[in-house]
Amino acid sequence: MDFSTLNRIATAILITCVAVATAWLCGSWTIPYAPPPRPAFDIPEKTDGDALPRPISVAHGAILATRICSTCHELLPDGHDAVGPALAGVIGRGVASRAGYSYSAALSAHRGETWDDARLGEWLSNPFAFAPGTRMSLSGVPDPNDRADIIAWLKTLHPAPTP
């Protein structure tokens, strides 16, 4: 490639940049930026207290729990502790109360509390906010429908199903 070819390429790039800058300046002078006086539509804030938009599915909860929880927890009703404690019978059981399992200090601070739907929902939503310093590596299940499905499925693992 000789000097004249490089010169033509550089000139073409320079002319293109000048043309784009000129078009942008003319456009910004012609139509100045002004934010709209009000939004075109409002997006309502979603809270955890909102009703679930779909019915709870135990089958979907089983799929999610198998995919998300089974890497660290035993899911069988007669399961043993693995990296995390076995989840059979967790509904109604005390927090950090499974005999023989060594809980983190963060979760042990919640001893005396009981795993119910609300507490499990809070835990599954964000374990690090529930018990800062927990050893659990799950960052949370953001969808409230998915959390409800998992909790409904966990109830089926209870020796005596809870209402």
- Check residue 114 against each of (1) under 23 Å from residue 153 (Cα atoms); (2) modelled with pLDDT under 90; (3) open to solvent by 30 Å² or more (accessible area, probe 1.4 Å) and name the one condition it does not meet. (2)
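Those residues that are of a type in the set (Asp, Glu) and in a loop (DSSP other than H, G, I, E, B), I need them from the range 116-132; list them, please.
If we filter the range 116-132 for residues that are of a type in the set (Asp, Glu), which is where we start, we get 116-117, 122.
Matches in the range 116-132: 116 only.
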- Looking at (1) part of a helix (DSSP H, G or I); (2) surrounded by fewer than 19 Cβ atoms within 10 Å (Cβ to Cβ); (3) basic (Lys, Arg), which is the only condition residue 147 fails? (2)
- Task: Just one of (1) outside any loop (DSSP other than H, G, I, E, B); (2) surrounded by 15 or more Cβ atoms within 10 Å (Cβ to Cβ); (3) not aromatic (Phe, Trp, Tyr) trips up residue 87, so point out which.
- Result: (1)
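Just name the residue that is farthest from the chain's Cα centre (by Cα) out of those in the range 56-108 that are small (Gly, Ala, Ser) and closer than 14 Å to residue 135 by Cα.
Step one: list which residues in the range 56-108 are small (Gly, Ala, Ser), which gives 57, 59, 61-62, 65, 70, 79, 82, 84, 86, 88-89, 92, 94, 96-97, 99-100, 102, 104-106, 108.
Next, only the ones that are closer than 14 Å to residue 135 by Cα stay: 82, 84, 96, 102, 104-106, 108.
Working: 82: 24, 84: 20, 96: 23, 102: 26, 104: 22, 105: 24, 106: 21, 108: 24 Å.
Applying the filter and picking the extreme gives 102.
Which one of these is surrounded by 14 or more Cβ atoms within 10 Å (Cβ to Cβ), modelled with pLDDT under 90 and closer than 24 Å to residue 125 by Cα: 65, 51, 82?
82
Taking residue 105, is it free of Cβ contacts under 8 Å to residues at least 40 places away in the same chain, of a type in the set (Gly, Ala, Ser) and crowded, with 17+ Cβ neighbours inside 10 Å? Quick ask: steps written out before the conclusion?
On the way: free of Cβ contacts under 8 Å to residues at least 40 places away in the same chain: yes; of a type in the set (Gly, Ala, Ser): yes; crowded, with 17+ Cβ neighbours inside 10 Å: no.
The answer is no for residue 105.
Hey, among 98, 135, which residue is open to solvent by 50 Å² or more (accessible area, probe 1.4 Å), more than 18 Å from residue 151 (Cα to Cα), outside any helix (DSSP H, G or I) and touching a residue at least 24 places away in the same chain (Cβ under 8 Å)? So that I can check it myself, show each step before the final result.
Numbers: 98 fails: touching a residue at least 24 places away in the same chain (Cβ under 8 Å).
Within the list 98, 135, the selection yields 135.
The values are calculated or read from the model by the stated rules, or taken from the named source; none is laboratory data. These numbers were taken from a predicted model, which means no experiment stands behind them. Reconstructed Cβ throughout: ideal geometry from the backbone, glycine too, with neighbour counts over all protein chains shown. Accessible surface is based on the protein model in full, side chains and every heavy atom, while ligands, DNA and RNA are left aside. Shrake-Rupley method; radii C 1.70, N 1.55, O 1.52, S 1.80 Å.
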